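What follows is a short report on a single structure.
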Amino acid sequence: MYGGIDGGGTNTDAAIISESGEILARLSGGPTNPHSVSTEQAISELQRVLEQLFNLISDLSTNCEGICLGMSGVDTIQERQLIAEAVNNYMKSRNRQASEGCPIWVVSEGEIALMASLGHTHGVLCISGTGSIVYGFTREGERYRAGGWGHLLGDEGSGYRIGQRALQVVMQSYDGVLPPTCLTPLLLKKLNLRDISELKTRVYQTDWGKTETASIARLAIEAAELGDEAARALIIDEASQLADTAKALIARHPEFASTPVVLSGSMFRYAALFRSTFIQKLSEYYEELDLVYREDAPAPAVGAAQLARRRCSLNESF
């Protein structure tokens, strides 16, 4: 069997597949992006998710042949080595196969999502989840990225940015700068507030973080579907900004203009306005692009397990 992890800033998904590709187990846990939570918290949650995942397999005599982790926010060689070492230590502590028998690969979230959608790891991937980033992988193995600089430096077109702007719209509406918005009653209900002026106390409490801000994007989606102009405007603007990021990435290698462009993440999945705006804007720049959005695509965690199986079959090193 083969394990796959999709580690993100809000959730971590995990999967185990058989030699034939059958999904044997799946589950979800909390954030494991070391830039969303501390490195110690990320590793602790990753090990907890792995423990629960392996506990779902009744036949513990079946060896794990390989584990692939696609980790958001894990970019440097040092960060990848740290995660690989933590997983290796977990495998040893639980009397699983040692690293020599169970290779561990730490790759980008882009590679596992492309694997899930396309069955290979070359192409362009646009991710809009809690954060946002655009990856490009050539057939020769060159890697490119644009965006993904976190909520202070970037994350245009992300759930975080949309949630943050939705909160700001509500306060501007309260001040009379903007007209009334249905985001206000939606937010009052979600946070169980009596008056929107209480929002300041709520968001500046120490337990309010990136995850809570990103969750407000759901309200922006709902408000936009109800026809709220402020919500529609900010979703359209953020989708357009992410399309500009994708345009910049595609321009960096001639192969990308004729390779599949995969759309992945919660904003593409749940916000039809966001998805259609992004597609329209990017298609204006590159008319011949093959934009791929598959609702039926396997989850990226399954793609990670598939990549582990493929790398084992090719005897690829860690």
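Can you compute log10 of I(q)/I(0) for the range 1-80 with the Debye formula, treating each Cα as one identical point scatterer, at q = 0.15 Å⁻¹? Relative scattering, expressed as log10 I(q)/I(0), comes to -0.51. Computed with a 1.4 Å probe over protein heavy atoms only, the accessible surface of the range 1-123 comes to 41 Å² per residue. Inter-label distance, residue 120 to residue 39: 3.6 nm, where each label sits 7 Å from its Cα along the C-beta direction.
Listed peptides 116-127, 80-91 appear in the order 116-127, 80-91 once ranked by packing, highest mean of other Cβ atoms within 10 Å at the front. Between residue 55 and residue 251, the modelled label-to-label distance comes to 5.1 nm, taking each label 7 Å out from Cα in the direction of the beta carbon. Residue separation of residue 28 and residue 77 scaled by 0.36 nm, minus their Cα-Cα distance, works out to 15.0 nm of gained length. Listed by chain and number, the lysines whose C-alpha is less than 28 Å from the C-alpha of residue 247, apart from same-chain residues fewer than 8 away, are 210, 281.
The fraction of accessible area contributed by carbon and sulfur in the chain is 48 percent, rounded to a whole number (1.4 Å probe; ligands and nucleic acids excluded). Candidates 245, 279, 308 compared by Cα position along the dipole of the range 225-318: farthest toward the positive end lies 308, with charges placed on Cβ. Rg then Dmax, both in Å and based on the Cα atoms of the range 237-318: 15.3, 45.
What FRET efficiency would be calculated for the residue pair residue 203, residue 153, taking the C-beta separation as r and a Förster radius of 25 Å, to the nearest 0.05?
0.75
Listed values for the range 279-294 are Karplus-derived 3J(HN,Hα) couplings in whole Hz (6.51 cos²θ - 1.76 cosθ + 1.60, θ = phi - 60°), namely 4, 4, 5, 5, 5, 5, 7, 10, 5, 9, 5, 9, 8, 10, 10, 10, and x replaces Gly and Pro. Taking 0.36 nm per residue of sequence separation and removing the Cα-Cα distance, the residue 295/residue 215 pair yields an extension gain of 26.7 nm. The largest accessible area among 75, 13 belongs to the first residue in 75, 13, and the rest follow in falling order (1.4 Å probe, all chains). For the chain, what does the helix formula give at 222 nm: sum of -39500 (n - 2.57) over DSSP H segments with n ≥ 4, over the residue count, nearest 500 deg cm²/dmol? Theoretical 222 nm ellipticity from helices: -14500 deg cm²/dmol. Taking only the alpha-carbon positions of the range 1-135 and ignoring solvent, what does the Debye formula give for the base-10 log of I(q)/I(0) at q = 0.15 Å⁻¹? The Debye formula, applied to the Cα set alone, gives -0.69.
Between residue 145 and 136, the built amide H atoms are under 5 Å apart, and every one of these is 5 or more places off in sequence or on another chain.
Out of every Cα-Cα pair that the chain contains, those further apart than 38 angstrom amount to 18 percent.
Considering only beta bridges that DSSP places wholly inside the chain, some 60 percent are antiparallel.
If you wrap a convex hull around the Cα atoms of the range 92-205, how much volume per residue is inside, in Å³?
Per residue, the Cα convex hull of the range 92-205 comes to 202 Å³.
The values are calculated or read from the model by the stated rules, or taken from the named source; none is laboratory data. Everything numeric here is computed off the predicted structure, so don't read it as measured data. Note that we place each Cβ from the backbone using ideal geometry, even for glycine, and neighbour counts take in every protein chain shown. All accessible areas refer to the heavy atoms of the entire protein, side chains included, with ligands and DNA or RNA removed. Shrake-Rupley method; radii C 1.70, N 1.55, O 1.52, S 1.80 Å.
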